[in-house]
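Input: a single structure, listed below in structure tokens.
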DNA sequence: TTTGAATACCTTGATATCAAGGTATCTGGT
DNA sequence: ACCAGATACCTTGATATCAAGGTATTCAAA
């Protein structure tokens, strides 16, 4: 428990240079950032096997877990994935070009569309998500089940405090 | 403790659609991702006050906490910030254009440079980092000190397991 | 000394993202 | 029926990022 990791070294530097600042929160947030970066890099490798990346996987998975008939509007997808409309437009263009989704005009609302998984998209995401889950299991294997649950609860409370504001 | 957050809803959907998969790790990693997104957005607002963003703050802060004479090579900066050489080249171009850093040829190695904080850059980062620390204190205020320390330890162990590989 | 491998950094080309603004469509009040 | 405001989505322009490859310099072994 005495090992200095990368973040600890940063905090030590700040303490020397700016002893007026309380940098304890910086340690926590720094580790969240670094952890996110590491995790994304590993998961990217799995997605790449299926010709996907974070973005495309995100959209296909959102449609897939919705259940049959695997269809949502672009607005629904924007809300679920927390990206802007321009970003979603771009993601959908790529996925449509790849034949993984289909888009039809929403018969009930002339302004909108419905995006649905193609047969090919459904097959792909079903395979990819299984591999993804396996990768994730490996990534958390450094923690005991008990620790993972404890981490879950802390993250959940942290998020609750942030998202309420 | 019974509230379903966004991530819980996603897990519930997957359990219905793919009961064959163990999605517990997905919950943890999903929260890390979402937390990172929320935190970055808030911190960006503080950086913007000083005309900075994640990238530029990262470089200036790395130089600042190094201590006088606030100088590192691009390679050192790449290692500290975990970005590729192309990214660092771009960041340094922007910062140089803004007059926040200065670059001189390394007299000891004709291949390399030394990047140092300009007077303006030093003054700016000293102000910005104080504001940044205040923002971070606010961001973690949803957790008790005890919880924050507990989270720290879990994150540290998680990272240790990942970065060793 | 010479030369091949390693290193330091930059360039290029492709993606992903956002903010701001545009157009078409819907909705509710008059 | 009409119109104003809300909504759904796309477009534009600017940034940030990476992977792959290029050039100049250093280092180390023969």
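Just so it is clear, none of the values below were taken in a lab; they were calculated from the coordinates. All values reported here derive from a predicted model rather than from experimental measurement. We place every Cβ from the backbone using ideal geometry, glycine too, and count neighbours over all the protein chains shown.
A few points about this structure:
- Principal axis dimensions, largest first and in whole angstrom, of the range B:68-131 by Cα: 36, 24, 21
- When every Cα-Cα distance of the protein assembly as shown is counted in 20 angstrom steps from zero, the calculated P(r) takes the values 27, 53, 19, 0 percent.
- Each residue in A:96, B:119 was given a count of other beta-carbon atoms within 10 angstrom of its own, and listing them fewest first yields B:119, A:96.
- C-alpha long axis of helix B:6-17 to longest principal axis of chain B, angle in °: 50 degrees
- Inter-part distance where the range A:72-88 and the range B:12-72 are each reduced to a Cα centre, Å: 20 Å
- Computed [θ] at 222 nm, deg cm²/dmol, the protein assembly as shown (DSSP H ≥ 4; -39,500 (n - 2.57); rounded to nearest 500): -22500 deg cm²/dmol
- Using alpha-carbon coordinates, inclination of helix B:119-139 to the longest axis of chain B, degrees: 10 degrees
- Ranking of A:41, B:111, B:65, B:18 by count of other Cβ atoms within 10 Å, fewest first: B:111, A:41, B:18, B:65
- Over the range A:23-165, the hull volume per residue, using the convex hull of the C-alpha atoms, is 149 Å³.
- Solvent-free Debye scattering, log10 I(q)/I(0), computed from the Cα coordinates of the range A:3-51 at q = 0.20 Å⁻¹: -0.70
- 0 to 90° range, to nearest 10: angle between helix B:54-65 axis and chain B longest Cα axis: 60 degrees
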